[in-house]
1. Can you tell me which residue is modelled with the lowest pLDDT among those in region 205-236 that are farther than 18 Å from L117 by Cβ and open to solvent by less than 40 Å² (accessible area, probe 1.4 Å)?
2. Name the single residue, out of those in region 319-335 being open to solvent by 50 Å² or more (accessible area, probe 1.4 Å) and without any contact (Cβ under 8 Å) to a residue 40 or more places away in the chain, that is nearest to the chain's Cα centre (by Cα).
3. For F103, only one of the following conditions fails: (1) aromatic (F, W, Y); (2) in contact with a Ser or Thr (Cβ under 8 Å, 6 or more places away or on another chain); (3) under 30 Å from E343 (Cβ atoms). What is its number?
4. List every residue pair whose Cβ atoms sit under 9 Å apart, with the two residues 6 or more apart in sequence or on different chains, where the first one lies in region 271-296 and is under 15 Å from A307 (Cβ atoms) and basic (K, R) and the second, anywhere, is surrounded by 14 or more Cβ atoms within 10 Å (Cβ to Cβ) and modelled with pLDDT of 65 or more.
5. Can you give me the number of residues within region 145-155 that are small (G, A, S) and assigned to a strand (DSSP E or B)?
6. Quick check, is T114 touching a residue at least 12 places away in the same chain (Cβ under 8 Å), in contact with a Lys or Arg (Cβ under 9 Å, 6 or more places away or on another chain) and exposed (fewer than 15 other Cβ atoms within 10 Å of the Cβ)?
7. Restricting region 1-57 to residues that are part of a strand (DSSP E or B) and basic (K, R), which is least open to solvent (accessible area, probe 1.4 Å)?
8. Considering region 156-171 alone, what residues qualify as being part of a loop (DSSP other than H, G, I, E, B) and among the hydrophobic types (A, V, I, L, M, F, W, C)?
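The values are calculated or read from the model by the stated rules, or taken from the named source; none is laboratory data. All of these numbers come straight from a predicted model, not from anything done at the bench. Here Cβ is always computed from backbone atoms with ideal geometry, including for glycine, and neighbour counts include all displayed protein chains. Just so you know, the surface numbers come from the protein's heavy atoms only, side chains and all, with ligands and any DNA or RNA stripped out. Shrake-Rupley method; radii C 1.70, N 1.55, O 1.52, S 1.80 Å.
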Amino acid sequence: MLWGTALDNLASWRMVTPDGDWMEVERLDHNLGKIHDIETARFKISRFAEDMKTLLAEPQVLEIPGPSFRKVGLGKDVTDKFLSGLPGIQKEGCDGLITSATFILHRMPKHVRTIALEFFGNVSNAVPAIVEIKDYLDATAKKEPAVIMAGLEHMDERYIKAVGYATKAARQQRPKMVLIADIASDDENAVGEVASAMVRMCNARDGEGFIAVSAEARKKFWLDRARTAAIAKHTNAFKINEDVVIPLPRLGDYSDGIERINIELSIKNKLKLLDALEVFMQGELPLQADEDGNADVAMVKTKQVMALKLLSDLRTRWRLILDNLDAPVDVLGEAGQAFSHYESLFRAVQSYDLRIDVYKRQVMRMFKVVSKRLHHHLVRVDFTRLLATGKIALTASTATKVCAVTRPIL
């Protein structure tokens, strides 16, 4: 089935209305292609009683301009829920439930290739390749011998991480974006040439492409995309993308916007944790005497001062980054020289080169130092109490991470 279970392929469907009556919708003069390519799409709507035989009224013929079904650059227009009154389509079940449907099946061309394109640079730089590939495939479908696009799926960086995507390129890093496409043609040479051209477009945008020929290899390429249950592990761009259709040329802006939200919330969350740790370290820390019954309070105070100084320095640095994400990296002074190849702090953080890691680096290193220096005067810190008191709100995944790394190092 070309293009999936899309409106383009629907020949008819039957649904039950909220009143308990039956409705049957039949596409007239089906063009056997994309619905927006024709001037007018016609539908016959028949309403029946509960016996599914008795007509309640004369059938109605609904005529809808074909181009109105989709906005330019979009696969579908989810903003038009009314859709000229066409029953059952994009109504989220509000006008009834579809109980059965008949789809148009297309003869699959003799030769099919699945292409996996992995992009490793910023998404905003990779998006032009997606647009180029889409325009290129639109053109090849109109040539002879025709090469058509049978399917095209996009996976963003967090989806890639969630499904445990196995990178095909010989690199140690995960791609920032993956594009998987099926192309088909009755001409084997033509489909091979188009697949190679797609790979070259990917190579020009800091990416690598791979072509699957056999049915088994093609199935493996699509396997990662099928692991939709894994999205429950994360809350990020692809979750929002389930209900939002984005014009391809704006995909980079969209991805940057979602990443910006993630980064800002992450830094704010870490700043709250620093505040909670500072409150704890300012208080009277419980001491446990050593075997001789000694407890060096002065040493504890000294280490408290060290810890509070580090927390203050980290807060200043992280707040500086949060407040200047759009600023050049030189706002960090000498520390920004290592990231001079980035146009802004946001790009440096987005690329994971400038890391803000509250758990495995500065904060945890500081507490390990305190713990080591006070080996015989044990200071016990229970981060879970900070969470229980409501002084800091963490996500479930972050709370798990905190508990995992702090058990029981102090």
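1. N236
2. Let us first name the residues in region 319-335 that are open to solvent by 50 Å² or more (accessible area, probe 1.4 Å), namely 319-320, 323, 326, 328, 330-331, 334.
Still in the running and without any contact (Cβ under 8 Å) to a residue 40 or more places away in the chain: 320, 323, 326, 328, 330-331, 334.
Working: L320: 28, D323: 25, D326: 22, P328: 27, D330: 31, V331: 30, E334: 34 Å.
The selected residue is D326.
3. (3)
4. Cβ pairs passing all conditions: none.
5. Our first condition is that a residue be small (G, A, S); within region 145-155, this holds for 146, 150-151.
If we keep only those that are assigned to a strand (DSSP E or B) as well, we get 150-151.
Counting residues in region 145-155 that are small (G, A, S) and assigned to a strand (DSSP E or B) gives 2.
6. Working: touching a residue at least 12 places away in the same chain (Cβ under 8 Å): yes; in contact with a Lys or Arg (Cβ under 9 Å, 6 or more places away or on another chain): yes; exposed (fewer than 15 other Cβ atoms within 10 Å of the Cβ): no.
In short, no.
7. Going residue by residue through region 1-57, those that are part of a strand (DSSP E or B) are 10-16, 22-28, 40-48, 55.
Okay, now just the ones that are also basic (K, R), so 14, 27, 42, 44, 47.
Details: R14: 78, R27: 14, R42: 71, K44: 76, R47: 89 Å².
Across region 1-57, the extreme among qualifying residues is R27.
8. Of the residues in region 156-171, the ones part of a loop (DSSP other than H, G, I, E, B) are 163-171.
Within region 156-171, V163, A166, A169, A170 qualify.
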